[in-house]
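Have a look at the structure below before the remarks.
Derivation of every value follows stated rules applied to the coordinates shown; laboratory data play no part. This one's a predicted model, so the numbers in the text were calculated from it and none came from an experiment. Counting neighbours? That spans all protein chains shown, and the Cβs are built from the backbone with ideal geometry, glycine included.
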């Protein structure tokens, strides 16, 4: 029997993203580079976050090696020029490339954004890792920067595209058991990643948050009305249903509102028949987080 879908909505906001291809000689190195570069979803504390969109075969990459498509996201500052947000994304993206990809043996990075709103020049913050010995070269039909490093050269495409997308949309699947948390979460992630253009920066997230907090210097804190372990202490303030012991969250970023809606739909559909899943809901914050509202009943009329 399919579980109840609450008549509520998920709230999401606009963001800027870059979409890139990472390649490597070695599959283990590729996996480590992609996972390291996207491991810390930190947009909530004003940094950047990323995710693996999908893995690529040798036939799908510019240099004929195995690869992966990654997305990196930054927020758009309210009331500030877009150029400021682009500049911040450039800085944060450069950290991910320099510290997590360039340092892995025989890796390369290419642009994968087909219709960008603009371009970011990688020379100043990535190319200069060559300390002035770097150079530009036409390779694989692209304008590349060649950065000489102690293990051969690192290649990065000179211009990486950026565009506006939608980030932070989410759904909750409320569970009776630990087993349901993991089984349903894995099914949701598998279904979601069949949709082109989306990432799940937290994968199965155990810590949904709220905008208001008693400790603003650490960023968002726990969404306490939905913490099962606080149910007795909170009494009537608790919003945890009677038989629910766990409330995991899946967060989705995507290239368009249509893309994230489709990803939400297939993700929710995949968990509705999992034993131990009791109810589907979503996080929203009365418009405090973002301008997009995705109603669950719109996805499942």
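Structure values in brief
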| quantity | calculated |
| --- | --- |
| Acute angle (nearest 10 degrees) that the helix 178-192 long axis makes with the longest principal axis of the chain, alpha-carbon atoms | 50 degrees |
| Angle in degrees between helix 27-37 and the longest Cα principal axis of the chain, rounded to the nearest 10 | 70 degrees |
| Between helix 257-271 and the chain: long-axis angle, C-alpha atoms, 0 to 90°, nearest 10 | 50 degrees |
| For segment 160-301: relative contact order, % (alpha-carbon pairs under 8 angstrom, 6 or more apart) | 42 percent |
| Among 127-135, 288-296, 13-21, 87-95, the order from most to least packed when residues are scored by Cβ within 10 Å on average | 13-21, 87-95, 288-296, 127-135 |
| Among beta bridges that DSSP assigns inside segment 14-163, antiparallel share in %, nearest 5 | 95 percent |
| Inter-centroid distance (Cα atoms) of segment 236-301 relative to segment 113-188, Å | 27 Å |
| Once the Cα gyration tensor of segment 59-165 is diagonalised, semi-axes √(5λ) in Å | 24, 16, 12 |
| Rough spin-label spacing in nm, given labels placed 7 Å along Cα→Cβ, for residue 99 and residue 196 | 3.3 nm |
| The chain: relative contact order in percent, alpha carbon pairs under 8 Å with at least 6 residues between | 27 percent |
| Residue order, fewest to most surrounding Cβ atoms within 10 angstrom, among 122, 167 | 122, 167 |
| Linear extension gain, residue 204 paired with residue 28, 0.36 nm per residue minus alpha-carbon span | 61.0 nm |
| Mean separation of Cα contacts under 8 Å (6+ apart) over length of segment 1-147, as relative contact order % | 25 percent |
| Cα radius of gyration and Dmax for the chain (Å) | 20.5, 66 |
| Stretchable slack from residue 159 to residue 298, in nm (0.36 nm times residue separation minus alpha-carbon distance) | 46.1 nm |
| Förster radius 51 Å - calculated FRET efficiency between residue 178 and residue 140, Cβ distance, rounded to 0.05 | 0.65 |
| Highest-first arrangement of 274-286, 243-255, where packing means the average Cβ count within 10 Å | 243-255, 274-286 |
| Distance (nanometres) between label positions extended 7 Å along Cα→Cβ at residue 7 and residue 189 | 3.4 nm |
| Likely footprinting exposure, 193, 224, fewest C-beta neighbours within 10 Å first | 224, 193 |
